[in-house]
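> This is the structure I have questions about; it appears just below.
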Amino acid sequence: LPSSLNRQFRLRARPSGRIKPSDFQLVETPVPEPAAGEALVRTLYLSLDPTNRIWMSDVEQYMPPVALGEVMRGGGLGEVVASRNPAYEVGDLVTGLVGWQDFLLTDGSGMGALTKLPKGLPIALPSLLGGVGITGITAYFGLLEIGRPEPGETVVVSAAAGATGSVAGQIAKIRGCRVVGIAGGRSKCDWLTQELGFDAAVDYKAPGWQQALAAACPSGVDVDFENVGGEIMDEVLARMNLNGRVALCGMISGYNADEPMRGRFDAILMKRLTVRGFIVIDFAPRFTEAALQLAQWTLEGKLKHRETIVDGLENAPTAINRLFDGDNVGKLLVKVAEPSAR
Ligand SMILES: NC(=O)c1ccc[n+]([C@@H]2O[C@H](COP(=O)([O-])OP(=O)(O)OC[C@H]3O[C@@H](n4cnc5c(N)ncnc54)[C@H](OP(=O)(O)O)[C@@H]3O)[C@@H](O)[C@H]2O)c1
């Protein structure tokens, strides 16, 4: 094996406010040997996701929170390096909950179930965790199944230069919509309009952004693909058209707060909005359909994606905050090891 130690970040404390490195304990143990029925997977890329912050807290959520002392839960992509499980062969590339560690032992069931990637995919590994992976799949179902935009309608996407938002906006363009992104900073906004084909982008860090949003949506807003919540969501809701749809994907602006979020229920009533929250795993039986479509759009050049890649597992506890600081464009990943296969 390339290394004889397995570094694991275990959850030491539930964060209060921002995540701190001291919320984790770094533990080094020998690389385990697979028992009968198990495979040993080496983490190649760790996905950093806003939901990691939710998993660290003991609040109501869609999975049990990570227990104190447990290896921090995290999605990622790995390579099978030893196997005593007939479902996994050495060299297989797999995705799933690899955790914040160099190596994972899995028997292929429960939370350790890992999806084998087909061999020889013409898509770069980081994109398999982003635009063609779980965040792309989130955008796909959230927009098409919940937002249900019609050609010519106006779709607003918040956190639009992030992993999920950048894909949601491009799918809305593919569907023939007017697409307006909201993102922090001029360069992110330029990326949206100049490279991804958004019709307009609003920099919410610039003064007067509320007026800029109104100007960018002259016919109002039919679909809100909501990633941020709080003041940004309120401003979008105030501009929704009658019978508009809100695909409530996330509310990142509140994840570091200790208080529940409040919002503009008046707009929901007066405009008869349909607001539906969803978690991507609700669509698990259809993941392959989404991944194939996202891969096809990527290969056709209709869907572009970017990744922000941080080197080294040791940097995960600080890099996670880049999501909350807006210091990422596209999917935020940690590169943990080089693949030996492919
Ligand atoms: N429902 C699901 O199944 C599901 C699945 C995946 C993700 N999500 C949700 O989708 C959203 C985006 O996730 P992602 O993984 O794609 O991350 P991401 O968008 O790549 O990164 C997060 C982005 O959010 C923006 N942001 C952070 N704090 C903000 C604040 N206080 N106000 C405004 N913008 C803020 C930042 O961009 P700026 O520079 O523009 O501020 C940052 O780059 C999150 O809410 C996440 O929870 C939901």
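> About the Cα centre, and with charges only on the beta carbon of Lys, Arg (+1) and Asp, Glu (-1), how big is the dipole of the stretch 1-47? Nearest 20 debye, please.
Computed charge dipole of the stretch 1-47: roughly 380 debye.
> Could you give each residue of the stretch 106-116 its phi-based ³J(HN,Hα) in whole Hz, using Karplus coefficients 6.51, -1.76, 1.60 with θ = phi - 60°, and x for Gly or Pro?
The phi angles translate into 9, 9, x, 10, x, 5, x, 5, 10, 8, 6 Hz.
> Assuming 1.567 mPa s and 4 °C, estimate D for the stretch 124-220 with Stokes-Einstein, Rh taken as the Kirkwood radius over Cα pairs, in µm²/s.
Value of D from the Cα-based Kirkwood radius: 97 µm²/s.
> Counting only GluC sites (Glu not before Pro) that sit in a DSSP loop (anything but H, G, I, E, B) with at most 14 other Cβ atoms within 10 Å, what is the longest stretch of the chain containing none of them?
The longest uninterrupted stretch comes out as 90-299.
> On to the next question. So what is the diffusion coefficient of the stretch 68-205 in µm² per second by Stokes-Einstein at 25 °C and 0.890 mPa s, using a Kirkwood Rh over Cα pairs?
It comes out at roughly 145 µm²/s.
> How large is the convex hull of the Cα atoms of the stretch 182-248 per residue, expressed in Å³ as a whole number?
Roughly 86 Å³ of hull volume per residue.
> Determine ³J(HN,Hα), in whole Hz, for all residues of the stretch 148-160 in sequence, where each value follows from phi through the Karplus function 6.51 cos²θ - 1.76 cosθ + 1.60 and θ = phi - 60°; x replaces Gly and Pro.
Computed from phi, the couplings for the stretch 148-160 are 6, x, 9, x, x, 6, 9, 10, 10, 10, 9, 6, 6 Hz.
> Continuing with the same structure: By its C-alpha gyration tensor, with a ≥ b ≥ c as the square roots of the eigenvalues, how is the stretch 57-135 shaped: rounded for a/c under 1.5, else prolate for a/b larger than b/c, else oblate?
Here the stretch 57-135 falls in the oblate category.
> Here is a further query. Going out from 0 in 5 Å bins, what whole percent of all Cα-Cα distances in the stretch 227-342 drops into each bin?
Whole-percent P(r) values from 0 Å outward: 2, 9, 12, 13, 16, 19, 15, 7, 3, 2, 1, 0.
> Continuing with this model, one more query. Once you sort the root eigenvalues of the Cα gyration tensor of the stretch 206-280 as a ≥ b ≥ c, which label holds: rounded (a/c under 1.5), prolate (a/b larger than b/c) or oblate (the other case)?
Taking the square roots of the gyration eigenvalues as a ≥ b ≥ c, the stretch 206-280 is oblate.
> If amide hydrogens are placed 1.01 Å from N in the peptide plane, which non-local residues have theirs closer than 5 Å to the one on residue 277?
HN-HN under 5 Å from residue 277: 248.
> Of the cross-linked pairs 173/302; 188/331; 302/335; 188/304; 173/304, which ones have a Cα-Cα span greater than 19 Å in the structure shown?
Violating the 19 Å limit, Cα to Cα: 302/335.
> Across all directions of projection, what mean area in square nanometres is found for the Cα convex hull of the stretch 83-124?
Orientation-averaged projected area of the Cα hull: 3.5 nm².
> Applying the Karplus parametrisation 6.51 cos²θ - 1.76 cosθ + 1.60 with θ = phi - 60° to the phi angles of the stretch 41-51, what ³J(HN,Hα) value in whole Hz is obtained for each residue in order, glycine and proline being reported as x?
10, 9, 6, 9, 10, 9, 8, 9, 10, x, 5
> Taking only DSSP H segments of four or more residues, each worth -39500 (n - 2.57), what value at 222 nm results for the chain once the sum is divided by all its residues, to the nearest 500 deg cm²/dmol?
After summing the helix terms and dividing by the residues of the chain, the value is -5500 deg cm²/dmol.
> For the stretch 293-332, with every protein chain kept in place, what is the accessible area per residue (1.4 Å probe, Å²)?
With all protein chains present, the stretch 293-332 gives 44 Å² per residue.
> Also, I was wondering about something else. Let me see the pair-distance distribution of the chain: every alpha carbon pair, 20 Å bin width, integer percents in order.
31, 56, 13, 0
The values are calculated or read from the model by the stated rules, or taken from the named source; none is laboratory data. Just so it is clear, the model here is predicted, and its values are computed rather than measured. No Cβ is skipped: glycine too gets one built from the backbone with ideal geometry, and neighbour counts run over all protein chains shown. Ligands, DNA and RNA are stripped out before the accessible areas are found, and what is left, the full protein with its side chains, is counted by its heavy atoms. Shrake-Rupley method; radii C 1.70, N 1.55, O 1.52, S 1.80 Å.
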